[in-house]
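For reference, the structure discussed in these notes is given below.
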Amino acid sequence: MVEHILYSFRRCPYAMRARLALSASGIRYEVREVRLSKKPEELIAASSKGTVPVLQRSDGVVIDESLAIMRWALAENDPQGWLERDGPALIDANDTAFKHDLDRYKYPDRHGSDPTAHRDNGLGFLRQLEARLARHEQLCGNAPGLADAAIMPFVRQFAAVDPSWFATLPLSKVKAWLAQHLASEAFERIMFRLPPWSPGDVPVIVNGGPS
């Protein structure tokens, strides 16, 4: 049987959210860990963008956008009802303005940016999340959904830039929400460590966890 193939990078937030949705859906796939400094030719052949995640489905169709991978997987099987707790506008705000500020806060030398200004801009988005979480336990209801899985990896990255500063923020709901997701079995399942993939390697099959 030909497996779906996911080209991934463990620490990439886009790849994290794709793996979270694939895990939640129970879809079986082969994972290929990519070294971003030396991308395999097979990844480039599948998607000329050369970025992760890329899902090469068993029918040959290639999906090279993380949200599209999430929504495809959950359309196939969504036992926890994640699609009922989507949040397209909120996810778009995460993927555009917040990601823009996150990159310029985390990598000021690369972007020639003022990290404090972009940190403060990003804080505005976190305050929006805080307000939502004051109304219910997760971003779009009282149970985790697609919006939580899509946004959490980026909040995780923001918090990790300066943990001491993040700890001082009056964002108790966001901090508790982030800590809950980071300590969850769902997150643990998708954060497995693998060496970079090379042609000829024994396939690593994932169906909840690598085997």
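The values are calculated or read from the model by the stated rules, or taken from the named source; none is laboratory data. What you are looking at is a predicted structure, and each value in this text was computed from that prediction instead of being measured. Virtual Cβ from ideal backbone geometry, glycine too; neighbours counted across all protein chains shown.
Here are the numbers:
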| item | result |
| --- | --- |
| Flag if ASN94 is buried (at least 20 other Cβ atoms within 10 Å of the Cβ), of a type outside the set (A, V, I, L, M, F, W, C) and more than 21 Å from GLU188 (Cα to Cα) | yes |
| Single residue of GLY141, GLY124 found to be among the small types (Gly, Ala, Ser), at pLDDT 95 or above, in contact with a helix residue (DSSP H, G or I) (Cβ under 9 Å, 6 or more places away or on another chain) and surrounded by 14 or more Cβ atoms within 10 Å (Cβ to Cβ) | GLY141 |
| Leading residue by the ranking (nearest to SER23 (Cα to Cα)) among those in region 157-183 that are exposed (fewer than 14 other Cβ atoms within 10 Å of the Cβ) and among the polar types (S, T, N, Q) | SER172 |
| SER23 vs. criteria at pLDDT 95 or above and touching a Gly at 6+ places or on another chain (Cβ under 9 Å) | yes |
| Verdict on SER66 being modelled with pLDDT of 95 or more, under 26 Å from LEU43 (Cα atoms), touching a helix residue (DSSP H, G or I) at 6+ places or on another chain (Cβ under 7 Å) and of a type in the set (S, T, N, Q) | yes |
| Matching option when the condition is of a type in the set (S, T, N, Q), closer than 18 Å to PRO144 by Cβ and either without any contact (Cβ under 8 Å) to a residue 12 or more places away in the chain or buried (at least 21 other Cβ atoms within 10 Å of the Cβ) (or both), among SER113, SER66 | SER66 |
| Total residues in region 133-151, condition part of a helix (DSSP H, G or I) and touching a residue at least 40 places away in the same chain (Cβ under 8 Å) | 7 |
| Residues located in region 151-181, provided they are within 20 Å of TYR105 (Cβ to Cβ) and under 14 Å from the mean Cα position of the chain (by Cα) | ILE151, MET152, PRO153, PHE154, VAL155, ARG156, GLN157, PHE158, LEU178 |
| LEU67 vs. criteria assigned to a helix (DSSP H, G or I) and closer than 18 Å to GLN157 by Cβ | yes |
| In region 63-77, the residues that are among the aliphatic types (A, V, I, L, M) and either outside the structural domain of VAL31 (by TED's automatic domain parsing) or within 13 Å of the chain's Cα centre (by Cα) (or both) | LEU67, ALA68, ILE69, MET70 |
| Looking only at region 184-211, and only at residues there that are among the charged types (D, E, K, R) and assigned to a loop (DSSP other than H, G, I, E, B), the one that is surrounded by the most Cβ atoms within 10 Å (Cβ to Cβ) | ASP201 |
| ARG71 vs. criteria touching an Asp or Glu at 6+ places or on another chain (Cβ under 9 Å) and free of Cβ contacts under 8 Å to residues at least 40 places away in the same chain | no |
